[in-house]
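Trainee: Encoded as structure tokens, here's the structure I'll be asking about.
None of the figures in this text is laboratory data; all of them are computed from the coordinates on show. As the structure is a prediction and not an experimental result, all values here were calculated from the model. With ideal geometry, Cβ positions are generated from the backbone for all residues, glycine too; neighbour counts draw on all protein chains shown.
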Amino acid sequence: MRMLNATNLIVGLVDEQDHLIGFTRILTDFVYRALIFDVIVKPSHRGQGLGTLLIDTVVNHPKLQRVEYLGLCCLPDMIPFYNRWGFSESADGIRLLFRAHASP
């Protein structure tokens, strides 16, 4: 629940019984940067274009149209999927770096 409370935009997909079948979330300042996290489609519903629907919804979201950079986190094998929307591993030399929280 903390994760959702700290998220700026959430896009969810439900089936006919109102069960969640797809989900993504966006953290953003609505000006300079927006990051897409957790693009997830339920395994039983994959291959139906729902991931495409999620990303189309995000990149066309009215609140994100003026954001300078839209980024995302994904596994390396998913890079070709996101390339269709113009995502690349570097934008104007900007790289997304991570630092894992040290274990106690």
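Trainee: Report, by residue number, each residue of the stretch 72-104 that is closer than 21 Å to Thr52 by Cβ and either among the aliphatic types (A, V, I, L, M) or surrounded by 13 or more Cβ atoms within 10 Å (Cβ to Cβ) (or both). Working first, answer last.
Mentor: Of all residues in the stretch 72-104, those closer than 21 Å to Thr52 by Cβ come to 72-89.
Scanning the stretch 72-104 gives Leu72, Cys74, Leu75, Met78, Ile79, Phe81, Tyr82, Trp85, Phe87.
Trainee: Oh, and also: Report every pair of residues separated by at least 6 positions or lying on different chains whose Cβ atoms are under 9 Å apart, first residue within the stretch 73-91 and in contact (Cβ under 8 Å) with a residue 24 or more places away in the chain and within 19 Å of Thr28 (Cα to Cα), second surrounded by 10 or more Cβ atoms within 10 Å (Cβ to Cβ) and aromatic (Phe, Trp, Tyr).
Mentor: Cys73/Phe37; Cys74/Phe81; Cys74/Tyr82; Cys74/Phe87
Trainee: Out of curiosity, is Leu70 more than 19 Å from Asn5 (Cα to Cα), assigned to a strand (DSSP E or B) and among the hydrophobic types (A, V, I, L, M, F, W, C)? Explain how you work it out, then say what you get.
Mentor: Details: more than 19 Å from Asn5 (Cα to Cα): yes; assigned to a strand (DSSP E or B): yes; among the hydrophobic types (A, V, I, L, M, F, W, C): yes.
The answer is yes for Leu70.
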